[in-house]
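Working notes, structure below.
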Amino acid sequence: MEYTLVTWIMRGKVCIIGSGPAGFYTAKNLLKAHPSLVIDMIDMLPTPFGLIRYGVAPDHQDTKNVTNEFTEIARNQRFRFFGNVKIGEQIPISDIRPLYDAVVLAQGSSSDRRLGIPGEDLQGVYSSRAFVNWYNGHPHFVNLPVDLSNVSSVAIIGQGNVAIDLARILLSPVDELIKTDIADHALEVFSRSKIERVSLIGRRGAVQSAFTTKELRELCKKPSFHCRTLLSEFNLSMTDASKEEMANRAISRKMKLLHETVVSDNESVFTPCVDIRFLLSPIEIIGNADGYPSQLVFQRNRLEGPSQIQKAVATEETLKEDFEMVLKSVGYLNYPIKGVPFDLSLNIIPNINGRVSGENRLYITGWAKRGAHGIIGSNIIDASETAHAVLEDLKNVTDTPKADLKDVLQSHSIEFTDWAHWERLNEIEVSAGKAEGRPRKKVCSIDEMLKI
Ligand code: NAP
């Protein structure tokens with residue numbers, strides 16, 4: 001799609017870097033509020049939708065329906081998509097900024113928090129980001145060497161909603177997974193899985209678990225596996241301060257659900273099962289002769305401090321348990337972009353209401369703005385704030401129209417995809433999926449995508 005001369009001449013040429021929910025909600029706000037503003041959206045992958053395509057669990061197809069709304073936005077005559085363009089790697093951001101009246105960064109969080117313990121880099125220890133991207137067919141993670149044929153116990157460190165997604169997917173029967181858009185390579189690996197036990201390990205207590213009631217309920221209601229919580233750990237975490245925290249209605253609902261999973265410590269284990277564990281911090285991952293995990297060493301914690309800010313404090317007690325795979329699900333981190341300020345202590349791009357601090361007409365939205373927390377819908381308010389800042393500042397733009405991104409990319413010999421390319425790829429994936437009774441069959445190789 002080419003812009004007309006009229007849209008070029010009128011003010012408001014915005015670039016959004018990143019095509020996940022934060023980017024699309026920002027585009028929606030801008031297009032709605034400004035009658036002649038034009039948007040170029042750039043993504044490093046040939047495909048749009050970022051976290052929706054590669055982060056949302058494959059059995060959560062309803063959540064992915066938000067892409068219908070994003071597709072409507074992308075079909076607007078004032079919107080163009082440029083996929084397969086790696087800002088900072090193929091072209092510096094300093095070459096992009098002069099082309100636009102405003103540049104909005106919406107690139108999400110592309111790094112992982114580390115545990116900082118021995119054994120963390122063994123084979124068979126994966127970050128949740130890598131593992132989730134792998135089963136969702138992210139082209140950069142298709143070669144993750146996952147083998148579940150010798151794995152019976154998996155430890156997931158962390159108790160957020162990503163950890164819940166991982167536990168549910170790891171124990172879902174293959175005849176359920178086959179009805180989703182999970183990547184074919186993952187389906188093959190899952191079909192050989194020997195996993196019987198998945199442990200969700202929290203360093204603090206039941207009340208402080210980061211997962212939400214809805215996600216916990218879905219996990220507990222799965223007919224194909226049990227969920228259990230050890231009575232001793234549950235009780236140990238119920239300090240007076242924890243009881244105070246239960247005054248919160250959302251927490252008390254979650255606690256009611258968790259309470260239904262409590263079993264006495266010596267009750268026999270029925271597998272497959274999810275063990276929800278509390279007050280444990282891993283201090284070492286012990287490897288076997290082949291360099292894969294065999295055991296995890298934990299320190300037992302106790303809770304200390306006032307309600308809402310209780311901390312896990314190490315006790316003298318340590319314990320060792322057998323695990324053949326470890327997934328680190330302790331939160332995502334933002335990664336600095338060359339030429340853009342970065343606050344290392346807060347791990348965000350410093351900003352005031354979406355305006356990047358100390359920069360002219362550079363904006364930020366999504367996880368890189370507020371940290372890696374919140375659901376997809378959290379981006380709506382966040383994006384609206386950033387779009388508002390852009391629109392306010394556009395009122396003062398007086399300089400002349402800029403060169404076109406398309407020409408600049410061509411001059412750098414960058415092979416980019418556009419929205420029409422995505423629509424073709426989408427059609428191919430959906431019709432291949434339909435033939436197998438699935439929502440889509442993902443193409444996972446960039447080379448293959450580019451041939452379409
Ligand atoms: P999260 O919610 O921040 O949870 C991180 C977990 O890791 C917490 O339990 C935290 O415990 C623990 N942790 C952090 N550092 C640790 C360490 N050094 N050792 C042991 N444990 C550690 O992160 P997330 O699960 O990655 O989720 C990110 C965001 O995406 C969240 O807002 C989540 O709700 C959202 N999400 C939503 C859905 C959904 O709606 N279905 C699905 C997936 C993700 P402490 O509390 O003790 O720090």
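List of remarks:
- Amide N proximity, the range 362-378 versus L346 label position 7 Å along Cα-to-Cβ, cut-off under 13 Å: 364-365, 368-372
- The chain: antiparallel DSSP beta bridges as a percent of all, rounded to 5: 35
- Using the Cβ-Cβ distance between E427 and E176 with R0 set to 25 Å, the FRET efficiency from 1/(1 + (r/R0)^6) comes to roughly 0.45.
- Calculated FRET efficiency for the pair A33/D404, C-beta based, R₀ 22 Å, to 0.05: 0.40
- Beta bridges assigned by DSSP with both partners in the range 204-334 are antiparallel in approximately 75 percent of cases.
- Hull volume per residue, based on the alpha-carbon atoms of the range 378-452 and their convex hull, is 153 Å³.
- Separation between Cα centres of the range 73-148 and the range 191-216, rounded to whole Å: 25
- With a Förster radius of 22 Å applied to the beta-carbon distance between R192 and D322, the computed FRET efficiency rounds to 0.65.
- Surface/4 estimate of mean projected area, convex hull on alpha-carbon atoms of the chain, nm²: 22.8
- The relative contact order of the range 133-255 comes to 30 percent, based on Cα pairs under 8 Å that sit 6 or more residues apart.
- Sorted by Cβ density within 10 Å, fewest first, the residues L257, L177: L257, L177
- Using the alpha-carbon positions of the range 134-176, Rg (one decimal) and Dmax (whole number) come out as 11.6, 28 Å.
- Inter-part distance where the range 13-68 and the range 266-339 are each reduced to a Cα centre, Å: 35
- Label point distance in nm, H373-S357, each placed 7 Å from Cα along Cα→Cβ: 1.9
- Karplus-derived 3J(HN,Hα), 6.51/-1.76/1.60, for each residue of the range 312-317, Hz, glycine and proline x: 7, 10, 5, 9, 6, 6
- Under 16 Å from a label point set 7 Å out along the Cα-to-Cβ vector of E244, the amide N atoms of the range 173-214 belong to 207-208.
- Ordering of 308-318, 24-34, 186-196 by packing is 24-34, 186-196, 308-318, highest average first (other Cβ atoms within 10 Å, averaged per residue).
- Debye-sum result for the range 209-290 in log10 I(q)/I(0), which assumes one identical scatterer on each alpha carbon, at q = 0.22, 0.23 Å⁻¹: -1.15, -1.21
- All-pairs Cα distance distribution in the range 207-255, expressed in whole percent, bin size 5 Å: 4, 18, 26, 26, 18, 7, 2, 0
- Reciprocal of mean inverse Cα separation for the range 1-115 (Kirkwood radius, Å): 15.0
- Across the range 217-321, C-alpha contacts under 8 Å between residues 6 or more apart give a mean separation that, scaled by the residue count, equals a relative contact order of 27 percent.
- Gain in span if fully extended, Q61 to E218, counting 0.36 nm per residue against the direct Cα distance: 55.1 nm
- Stokes-Einstein, applied to the Kirkwood radius of the range 303-428 over Cα pairs at a viscosity of 1.002 mPa s and 20 °C, places its translational diffusion at 109 µm² s⁻¹.
- Over the chain, dividing the summed -39,500 (n - 2.57) contributions of all DSSP H runs of at least 4 residues by the number of residues returns a 222 nm mean residue ellipticity of -9000 deg cm²/dmol.
Throughout, read-outs are computed from the coordinates displayed, never taken from laboratory work. Worth saying up front: this structure is predicted, and the values here are computed from it rather than measured. Because the Cβ atoms are built from the backbone with ideal geometry, glycine has one as well, and the counts that use them run over all protein chains shown.
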